[in-house]
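Let me give you the structure first, and then I'll get to my questions.
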Amino acid sequence: MSGLNFRRLVAVARKEFIHVLRDPRALGIAIVLPMIMLMIFGYALTMDLDRVPLAVWDQSRTPQSRELVSRFEGSRYFSVVARPGSYGEVEDTLARGQTMMALVLPVEFGRRVASGRKVQVQVLTDGSDANTTTLAISYADAIVRNYSQEILVEKARQLTGRPPALPLDLRFRAWFNTDMESRIFIVPGLIAVIMMLIAALLTSLTVAREWETGTMEQLISTPLRGSELILGKLAPYFAIGMVDMLLSVLAGRFLFDVPIRGSLLLLFGVSAVYLVGALSLGILISAKAKTQLLASQFAFVATFLPAFLLSGFMFDIGNMPRALQVVTYLIPARYFVAFLRGLYLKGTGLAQLWPECLLMVAFGALMLLAAVRTFKKRLA
Amino acid sequence: MNAAPGRFAVTLRDLERRFGDFVAVNRISLDVRQGEIFGFLGPNGAGKSTTIRMLCGLLEPSGGQGTVAGLDIRTQREEIKRSIGYMSQKFSLYDDLTVEENIDFFSGIYRVSKEKKAERKTWVLDMAHLQEHRRTLTGLLPGGWKQRLSLGCALLHEPRVLFLDEPTSGVDPLSRRSFWDLIYQLAGEGVTVFVTTHYMEEAEYCDRLGLIYRGELVALGTPGEMKGGLMTDQVLRVSCDRSHEALGVAATVDGVRDAALFGRDIHLMTEDAEALAPRLRQALEAAGFQVGAVERITPSLEDVFVSLIEARDRADGAQKEFKA
């Protein structure tokens, strides 16, 4: 009675392989969609801010004001795209979205700087996107502060005859992502999101389709066991999922130039475990939904959104409200994102990442068990 | 079980299935002998499919007992699945697999032994006349061919009992005929065939029939027994013009229990056909209809079923009134 029959499992796996190979839509989801997502998110989802379009209204027109403007022009973070001559024009460039920020230097700027008196520099920003604005302001702040410091230093030198030593000297060096490029950070997380979505989407259709076409009734009337059906169905999608994983890793390495510092063996081993969990989740959804439309919609909502929003991929979990932080512990993608980032960026292995790995093994095993157990060989 | 399992392929005692408050199958008892072609007849929604699904282990009975091939339908469902073949109402092979791939798949599922695999495949391809189409996608085959392939796949493991749920619905008459030839051939080899249908001419092909209506077994017997003994009413056939309008008039004539259109004729159920005939002709002619022949006929199976079902409806109606 117990145990599963290998021949029946192979029969199911073979049939599923044929289904996938003959269905251009399934192949599209399996191979093309992950690549498209990788391209779109990899290129578009950059959180780096450079070349903020800037409007400059220099009312002073003095060497001092030109010096400050030239520092903005020379910065890779800003690009001066407009030179308005009134507040009306400033407002216009911001409103039309031509610029994101405007620098306004008062008429007395040159005179006051030259005479060593305090002067106000006005920066107007389009605050619609709070994150970007904050970032842009901090860049502007740094430039202005730098200039103002140099003025001080120059003044001190004139008084004492030599440049003063600044009391504090900040020297920083970013580890793991030395160039501080966000794609290095984004691509590994993106792989976790893509794998979750694709895997669940692929399998979410398989069981529901059999219910819809009536073939499930035929299968139930045979000696085929639930475990043989589920494992047989998983087999081809597992193979496809691993191909996707390989493609994503290759694209990350050669297209986005993201180095892999950790062990490849560990990378693919843990991905396989995560994949089994995600595929089983899809099967579970499929077995419950019984129609393809409902199953694919549910799979999308149940996998993509949490993986995208709550895994720490997009938003830092540490900044979330406490209640939401607790929820993230239930999102398996959270652990995979953490694992991938650790492995990719820091080259960490099981020694540091074992809790994440253990939880993913638990997720995989639990989902697989649930998928096999949910499937009842009965019609009603 | 009191019935000897050796002689009977199917035995049912008070089999019952409820879906919530709805009683889909209401205490059905019957026996099907080995090698018999047993026809399960009834209108759509009568409980035919529900019964067959319980026999095949697809649904759990809510009450009663039953055996299939000597195995208990409540406790030995998985064992039953190994010794039966089942063809569901909906076409249930994979359209995107070729004929051969479908056969190989079910061959694997039924664990047909390596030595027998090739032989069984040839048998199915020959039986379904699909030798030249073995590499055709199943979805491209005409309905009748698909049906034969479904049957073949259900027979790969040489089951002793075969369950067919409306196997010929949506299949053209010629294919239907050749499908029944296959069923006869199987029965000749000793396979028990349990088939549901709502085609009357198919009912005539069966060794024995059970009529199910609103979940209850209304009649049980050979087609001959049904036509002879089961019907207390006599049948009067009337041919006249505008039979559709005439039907309304005929139904009101005293002594007519029920009236129904059969092609262009009207069939009337009555206790005494001899007495009714002249009165009926008179009534129709008085209403301005051109009346041709009025004669008593041997009831067809359809007459029998209509009469039995009407009788059941009358009884139910009376019961309801009584309760109210």
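Go ahead and run the numbers for FRET between A:Leu369 and A:Leu152, Cβ-Cβ distance against an R0 of 56 Å, rounding to 0.05.
Computed FRET efficiency for A:Leu369 and A:Leu152 comes out at 0.25.
Now a separate question. What is the packing order of peptides A:254-262, A:111-119, taking the mean over residues of other C-beta atoms within 10 Å and listing the highest first?
Result, highest mean first: A:254-262, A:111-119.
Which value, in debye to the nearest 20, describes the size of the charge dipole of the protein assembly as shown about its Cα centre when Lys and Arg Cβ atoms bear +1, Asp and Glu Cβ atoms bear -1, and nothing else is charged?
3220
Please state the charge dipole magnitude for chain B, taken about the Cα centre, from unit charges on C-beta atoms (+1 on K and R, -1 on D and E), reported in debye and rounded to the nearest 20.
The dipole of chain B has a size of about 980 debye.
Next up: Which of B:Phe19, B:Phe106, B:Phe289 moves most in a GNM of chain B, Cα contacts under 10 Å?
In the Gaussian network model the winner is B:Phe19.
Next question, about the same structure. So how far, in whole Å, is the C-alpha centre of segment B:1-75 from the one of segment B:139-155?
26
OK, next. Defining a contact as two alpha carbons under 8 Å apart and six or more residues distant in sequence, what relative contact order in percent does chain B show?
18
When chain A is modelled as a GNM with alpha-carbon springs shorter than 10 Å, which of A:Ser182, A:Ser263, A:Ser70 fluctuates the most?
Comparing A:Ser182, A:Ser263, A:Ser70 in a Gaussian network model of chain A, the most mobile one is A:Ser70.
In addition: Which cross-chain or sequence-distant (5 or more) residues have an amide H under 5 Å from the amide H of B:Ala9, H modelled 1.01 Å from N in plane?
B:Val32, B:Arg33, B:Gln34
Fewest Cβ neighbours within 10 Å first, please rank B:His157, B:His198 accordingly.
B:His198, B:His157
Now, a different point. List B:His267, B:His244, B:His133 from most exposed to least, where exposure is judged by having the fewest other Cβ atoms within 10 Å.
Exposure proxy ranking, most exposed first: B:His244, B:His133, B:His267.
Given the options A:Ile230, A:Ile137, A:Ile198, state which has the largest fluctuation in a GNM of chain A using a 10 Å cut-off (strictly under) for Cα springs.
The residue with the greatest mean-square fluctuation here is A:Ile137.
Just tell me which lysines come within less than 29 Å, Cα to Cα, of A:Lys288; anything on the same chain fewer than 8 places away is out.
Candidates past the 8-residue exclusion: A:Lys15, A:Lys233, A:Lys376, A:Lys377, B:Lys48, B:Lys81, B:Lys90.
Taken together, the values in this text are just the output of simple stated rules run on the coordinates, not laboratory data. What you are looking at is a predicted structure, and each value in this text was computed from that prediction instead of being measured. Reconstructed Cβ throughout: ideal geometry from the backbone, glycine too, with neighbour counts over all protein chains shown.
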